[in-house]
Amino acid sequence: MSDQTCCAPILASAANLADVGGPIYGLIRELYPICRSITGNGFRRTLQRLSQEIPLQIHEVPTGAQVFDWTVPNEWNIRDAYVKNSQGERIIDFCQHNLHVVNYSVPVRRQMSLAELRPHLHSLPDRPEWIPYRTSYYKQTWGFCLPHRQLEQLPEDQYEVCIDSTLEEGSLTYGEYCVKGQSQDEILISVHACHPSLCNDNLSGVSVATCLAAHLSQLRPRYSYRFLFIPGTIGSITWLSRNEEHVRLIKHGLVLTCIGDRGDFTYKKSRQGEAEVDRAVAHVLAHSGHPYKIGDFSPYGYDERQYCSPGFNLAVGCLMRSPHGQFPEYHTSADNLDFVNPDSLSESFQTILAILEVLETNRTYINLSPKCEPQLGKRGLYGSVGGASPREFEMAMLWVLNLSDGETTLLGIAERSKMDVRVLARAATALDQAGLLREMVR
Amino acid sequence: MSDQTCCAPILASAANLADVGGPIYGLIRELYPICRSITGNGFRRTLQRLSQEIPLQIHEVPTGAQVFDWTVPNEWNIRDAYVKNSQGERIIDFCQHNLHVVNYSVPVRRQMSLAELRPHLHSLPDRPEWIPYRTSYYKQTWGFCLPHRQLEQLPEDQYEVCIDSTLEEGSLTYGEYCVKGQSQDEILISVHACHPSLCNDNLSGVSVATCLAAHLSQLRPRYSYRFLFIPGTIGSITWLSRNEEHVRLIKHGLVLTCIGDRGDFTYKKSRQGEAEVDRAVAHVLAHSGHPYKIGDFSPYGYDERQYCSPGFNLAVGCLMRSPHGQFPEYHTSADNLDFVNPDSLSESFQTILAILEVLETNRTYINLSPKCEPQLGKRGLYGSVGGASPREFEMAMLWVLNLSDGETTLLGIAERSKMDVRVLARAATALDQAGLLREMVR
Amino acid sequence: MSDQTCCAPILASAANLADVGGPIYGLIRELYPICRSITGNGFRRTLQRLSQEIPLQIHEVPTGAQVFDWTVPNEWNIRDAYVKNSQGERIIDFCQHNLHVVNYSVPVRRQMSLAELRPHLHSLPDRPEWIPYRTSYYKQTWGFCLPHRQLEQLPEDQYEVCIDSTLEEGSLTYGEYCVKGQSQDEILISVHACHPSLCNDNLSGVSVATCLAAHLSQLRPRYSYRFLFIPGTIGSITWLSRNEEHVRLIKHGLVLTCIGDRGDFTYKKSRQGEAEVDRAVAHVLAHSGHPYKIGDFSPYGYDERQYCSPGFNLAVGCLMRSPHGQFPEYHTSADNLDFVNPDSLSESFQTILAILEVLETNRTYINLSPKCEPQLGKRGLYGSVGGASPREFEMAMLWVLNLSDGETTLLGIAERSKMDVRVLARAATALDQAGLLREMVR
């Protein structure tokens, strides 16, 4: 691994974030070869690499710990795995691609016929060149994944099957980092980091979140930002179980994944549906000038399932480009370093920053001069020759004045006026400085 | 009349209701020749025939009884009616078709010229072969209905006009049958049975409701079911007037009519508009795979006008196929035994049963494990190999768990998830048995 | 000016308002030549002319008076203005068209080269034949407006520039007239009258409002009607500032402008968005049979900006045909006597009357016979031969009975039933007379 951090150029260019795609992609490339799972050394190595970028707090939760309805499972580690033919050739080799082994496979070392081996082999008939990704976390079994074309050509033979894994007491590992803001109210950014060599579904989110954390750590934002790098499902359940009291501080949140491919943005709303984060994402995407899709919450997906379970019901949505299960490369060996690219990663980074900026600037004001319009002209805030249309900034001031009733947020004003909330925020600042508004503390 | 009940095959085939169309149609065929009106022996004969199928309670309300703003009218009976030409030939003959006489015509027996007769003749210029259906319940008059083609060809002549009717003190008759369920809360099924030889508008509802009552009487449903066989308008007013206290038990209701033709289903919503029955019908029709139409409530139509009057405002909608007044055969002799058919009647029966099933199974649960998802796998409720999409039943469990907050009904979950409520109900039962849910008693 | 009032024929033809277009147009023609501004004698002469039609109360508010955040400006008057070339020819002449001078220009009398003059000249490159309308109320400057074709051809020369204006202490003038109704609750009709020779944007509203006031003064309406003839912005601010307590009586209001051209009606909703006046206008336009457009409130436009400022938030919308800024003639010399026409003015007048009629008749009733339908037939209110569709008036009665719960207004019933509220109002009157309804006093 490099001893140069990927985020260094990002940190150095806080004013010009246009070139973040390269470093983000570079971090993905480094993390790609590691065989991660929901527990074990692959996950730990991943967090160690991220620790070079951000001061990650690493937690270990022992096997058997009760986390709500779940139990932290045995820790899985794997050193090697293969199927050899009778000539002693490795015809399926974990060292070639870690997707070849069903994740969480129990150890096995046996000779067997093709008929015995066959039920343990997984392939994709529709995509005969790709290796599928399969897991078996909660049922003890083993298996291999391979291209369907290869599976079809396997001859009758006596095969030597070896999975040199351990599934034993140990611990579940996750990483956490909090950027302190002016308020203790938090925005949660959660990414799962438990998938092995899969770039879009997993590493795109991991890498963008890491660089985002590095960037925000240089600022003094309004909100505090909590970053979680966790194994999917069991990780968010574990974190929520250990932080039940803390959860009330989380005001908004995003699960990030599949944000490195060339697809349009897809946002899955929180269970609340019209939460501030849902509206902020909708606003940014609507003003992006690009096609996008916003879908309703459903209880299937990533860790938003847990954050949005009815006992928590947090305002956490999920930002993706091509959504899980809807692109052919999903959960296959084709979700590789070619499937993600620096430009998409950069745009994802910028878009997330824009969403956070909306949340940061979404203040509520009260008009201190609410009876008729105040005379903006005498304060130098308005064009002086009448008869022509007002400019965008003047319209923004008029909207902010008209709708600042002490309850409507700038985002609410943006939704009604169809103006960009960032222009409204600038207008509000100017009006505030002119003594025409007062911010309401919520 | 047959001494074999039509519902016998239905009762015998509770498990396989596919063949209900034949018996339902058979009952229509038997009832078709009877000259019904809002009072009188035709209505009584009809109820007597239905009594062979279900243990109908028959009520008689005397002429002159005050029912809210209305008064029960004189009883009308008719034995014969005709117009004879000067050759003594019956050129219009009640015995040929009971629509030939304006329903509730006062007795008349006179010689008259065509000019005198003409204002008493009704026809349909647009449908010159059909006999229209006309009534005059509340204004004492008489008249004949005939095909327009025949009307146009009537020569000058001296005609003998005879209507051998009586309009005298008597009573208004209606039938009532209540299938007792586990709860005293009721679902009302109301059909008007006051139209003479008209199949779709009248007998389709009468016959389907009868067979439905016979079917439900074999079960022990959650709700009690009250079936009313009444004359239109005055019948529902009379029943409501005599059961004012009872009305609070009616939780849902359907008026059934025009459900025997080949048209798509049309549902007219209750005045409440979003009542549970309205949502249940919308759900069943949306999942039927067939085209359908749902219309808003209006105060014109059938007895839902009375059930939905502002002093009651019951959750009663009206289920039809081709809606009244919107098919040319409506209120003409063309609404005959050819216009309705066993297949449509069977489908109507099944659809109503499906609606009732939704109401029966629309329970409300609270998730007993609301913090994060419970681990379905360890309870044998979830597929164990990860990486593929969940099956429909697994999605149903996730939705039920996520939205069971003690207030949202299964139908509410179905509307949000766009899943079939019957699949959700099965999922809820499985989760309930696994101890993950508790039903809320409303 | 004529000593015959324009409204005389309107007053004489209260029963037949079809011919109001001519008189309304005639008044515009008389007012067109006057050089109005937000203060000064042009505005006063305009009000004096209107005083021949209606007993206008004329207010003078001295320069320097504080009106909320604003100060009443100096009074502007102009006698003459021109640019002469070195031959002594008036090449730009205020006497030819009062738009030639930038409204509120300070006095100037100087010789200057084209280069010095050029920054003070305004034209419309896209409309080279038209003179633009420009103002400079709150920044002391001067200027001339002229056709772009003429501007381009101006030779180098020594020009004599004269603006014989005064900008001195004086007063701001506005006119007010209240038609007393049965209630002290008011409907506000506000028009700006501060534009010089511009017909659609200004005089169409002034003239229609005047004739409307004359017409209403002959009646004894339910509401009182307050008519304001004011300079834009500063006028409504001044009035609101001087009538802060009175404002609570204003229940509904309309700003009228740009209602003389041939465009479709455009209604801009009040800030409240679903106020009774907004719904009344939507109802009338929807039932007009003509295309129209309804837009949301925005804080840019006419005096509704002030009436709808958050400190007042009055239910005041703005009725236009072609909306300001969206027709090329807007704020140019092409908004002249050819651009408006009697037919459009007449239709605008009728439409506003129809809106006011909806507000006047929008009562709330409670059904005194709410359990089932009352028997309309025995009261002579319903057709007696059954079997055919009810007529419109019968449907209106059924709707009024069904929805008159003491809270729903006739307009609310109209919206749900999609019937014309005026038919519903007639039905309600008939039912009221039959003792079936009681009006609720709000």
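Since every read-out is calculated from the coordinates, none of them should be taken as a lab result. As the structure is a prediction and not an experimental result, all values here were calculated from the model. Heads up, the Cβs are rebuilt from the backbone with ideal geometry, glycines too, and the neighbour counts pull from every protein chain shown.
Points worth noting:
- Calculated on the alpha-carbon coordinates, the convex hull of the protein assembly as shown measures out at 245 cubic angstrom per residue.
- Averaging the Cα positions of each part gives two centres, and for the range A:234-255 and the range B:289-342 these lie 53 Å apart.
- Cα-only Debye scattering, the range B:326-384: base-10 log of I(q)/I(0) at q = 0.12, 0.18 Å⁻¹: -0.62, -0.87
- Rounded to whole Hz, the Karplus (6.51, -1.76, 1.60) HN-Hα couplings of the range B:161-169, x for glycine and proline: 10, 9, 10, 8, 10, 10, 9, 9, 4
- Between the amide H of C:Phe297 and those of C:Lys269, distances stay under 5 Å, these residues lying 5 or more places away or on another chain, with hydrogens modeled in the peptide plane.
- Per the Kirkwood formula applied to alpha carbons, the range C:14-152 shows a radius of gyration over Rh ratio, Rg over Rh, of 1.05.
- In chain C, the DSSP-assigned H stretches of four residues or longer account for a calculated mean residue ellipticity at 222 nm of -8000 deg cm²/dmol, using -39500 (n - 2.57) per stretch and the full residue count as denominator.
- Alpha-carbon gyration tensor eigenvalues x 5, square-rooted, for the range C:101-233, Å: 42, 17, 9
- Projected over all directions and averaged, the alpha-carbon convex hull of the range A:92-174 occupies 6.4 nm².
- Cα-derived Rg over Rh, computed across the range C:192-236 with Rh taken as Kirkwood radius: 1.05
- When the alpha carbon coordinates of chain B are projected onto the principal axes, the ranges are 92, 43, 41 Å, largest first.
- Computed over the range C:317-442, the alpha-carbon pair-distance distribution with 10 angstrom bins reads 11, 33, 22, 15, 12, 6, 1, each value a whole percent.
- Calculated on C-alpha atoms, the gyration radius of the range A:168-207 divided by its Kirkwood radius gives an Rg/Rh of 1.10.
- Residues whose placed amide H lies under 5 Å from that of C:Thr63, excluding near-sequence neighbours: C:Gly170, C:Ser171, C:Leu172
- Where GluC sites (Glu not before Pro) fall in DSSP loop in the range C:97-204, at most 14 other Cβ within 10 Å: C:Glu129, C:Glu156, C:Glu169
- Computed about the Cα centre, the dipole magnitude for the range A:271-312 is approximately 80 debye when only Lys and Arg (+1) and Asp and Glu (-1) carry charge, each at its Cβ.
- Over the range A:217-268, all Cα pairs binned in 5 Å intervals from 0 give whole-percent P(r) values of 4, 13, 20, 22, 18, 16, 6, 1, listed from short to long.
- Going from the residue with the fewest nearby Cβ atoms within 10 Å to the one with the most, C:Met320, B:Met440 rank B:Met440, C:Met320.
- Descending principal axes extents, the range A:282-379, alpha-carbon based, whole Å: 65, 38, 19
- Shielding value for B:322-333 is 1, the average number of Cβ atoms from other chains within 10 Å of each residue's Cβ.
- Hz values of 3J(HN,Hα) by residue in the range A:188-198 - Karplus curve (6.51, -1.76, 1.60), Gly and Pro given as x: 9, 10, 10, 10, 8, 10, 9, 8, x, 6, 9
- Mean separation of Cα contacts under 8 Å (6+ apart) over length of the range C:174-325, as relative contact order %: 29 percent
- Here the calculated FRET efficiency for B:Glu129 and C:Ser183, from their Cβ-Cβ distance with R0 = 51 Å, stands at 0.25, rounded to the nearest 0.05.
- Which of C:Ser51, A:Ser369 has the fewest Cβ neighbours within 10 Å, and the rest in rising order: C:Ser51, A:Ser369
- For the range C:148-160, Karplus couplings with θ = phi - 60° (6.51, -1.76, 1.60), whole Hz, Gly/Pro x: 4, 4, 5, 4, 5, 9, 5, x, 4, 5, 9, 9, 9
- For B:Asn336, residues with placed amide H under 5 Å, excluding near neighbours: B:Cys199
- A quarter of the convex hull surface defined by the alpha-carbon atoms of the range A:182-309 gives 8.2 nm² as the mean projection.
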